[in-house]
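Take a look at the structure set out below.
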Amino acid sequence: MRKLYTGLAWTVAGAVVVQAAAIAFAFGGMLNLVSEGGVVDKALLESFQAGGVGELGFMIHGLVGGVLIPLIALTLFVVSFLVRVRGAKLWAAIVFGLVVLQVTLGFSITDMPYLGLIHGANALAVVATASVAALRMRRTRDVGTADARATAEGASSDAVAA
């Protein structure tokens, strides 16, 4: 379970990197279209026929951020209850909470564009917390194993927890 938890946490962090690359590609394509005299309007965005504009980047950003990352973060949170490592549930909950905030901000940007500032900063927080969650698995021992070793050595499990 620890390897699954670690893999899920790294996958969340990596998917956010894919998000950043996809949106950069999309806006780069859009800027290229405008610099060549093209016009970006609602009709163009709804037609999905702006070949070479980078609209694929918008689709990737939407699918990965609106579907894939939330599912992986939820799975990480569920798996955290099966991992007997101190702090696993806390870090998975933080990752999941930040992902929920990120999705909410992403869908709210069209109504309040200034939320994009928080959306970008929160993406960095998701990467950081998912990375910390993954790295903590290497640095901590299994809670059940630590209790068993302490009991075998004659100490109580309360002494280990302290």
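The values are calculated or read from the model by the stated rules, or taken from the named source; none is laboratory data. Please read all numbers here as calculations on a predicted model, not as lab measurements. Note that each Cβ is placed from the backbone with ideal geometry, even for glycine, and that neighbours are counted across all protein chains shown. Just the protein is used for accessible areas: all its heavy atoms, side chains included, with ligands, DNA and RNA removed. Shrake-Rupley method; radii C 1.70, N 1.55, O 1.52, S 1.80 Å.
Odds and ends about this structure:
- Of the listed requirements (1) of a type in the set (A, V, I, L, M, F, W, C); (2) at pLDDT 95 or above; (3) open to solvent by less than 30 Å² (accessible area, probe 1.4 Å), residue 124 misses just one: (3).
- Tallying residues that are within 30 Å of residue 133 (Cβ to Cβ), open to solvent by 30 Å² or more (accessible area, probe 1.4 Å) and of a type outside the set (Phe, Trp, Tyr) within the stretch 8-48 yields 8.
- Where a residue in the stretch 98-126 is over 14 Å from residue 61 (Cα atoms) and hydrophobic (A, V, I, L, M, F, W, C) and its partner, wherever it lies, is open to solvent by 30 Å² or more (accessible area, probe 1.4 Å) and not in a helix (DSSP H, G or I), with Cβ under 9 Å and at least six apart: 115/109
- Among the residues making up the stretch 83-101, those that are open to solvent by 30 Å² or more (accessible area, probe 1.4 Å) and modelled with pLDDT of 95 or more are 89, 90, 91, 93, 94, 96, 97, 98, 100, 101.
- For the stretch 94-140, the set of residues classified as over 17 Å from the mean Cα position of the chain (by Cα) and polar (S, T, N, Q) consists of 108, 110, 140, listed by residue number.
- Of all residues in the stretch 34-43, those being modelled with pLDDT of 80 or more and part of a helix (DSSP H, G or I) number 2.
- Qualifying positions in the stretch 62-73 - in contact (Cβ under 8 Å) with a residue 24 or more places away in the chain and open to solvent by 60 Å² or more (accessible area, probe 1.4 Å): 68
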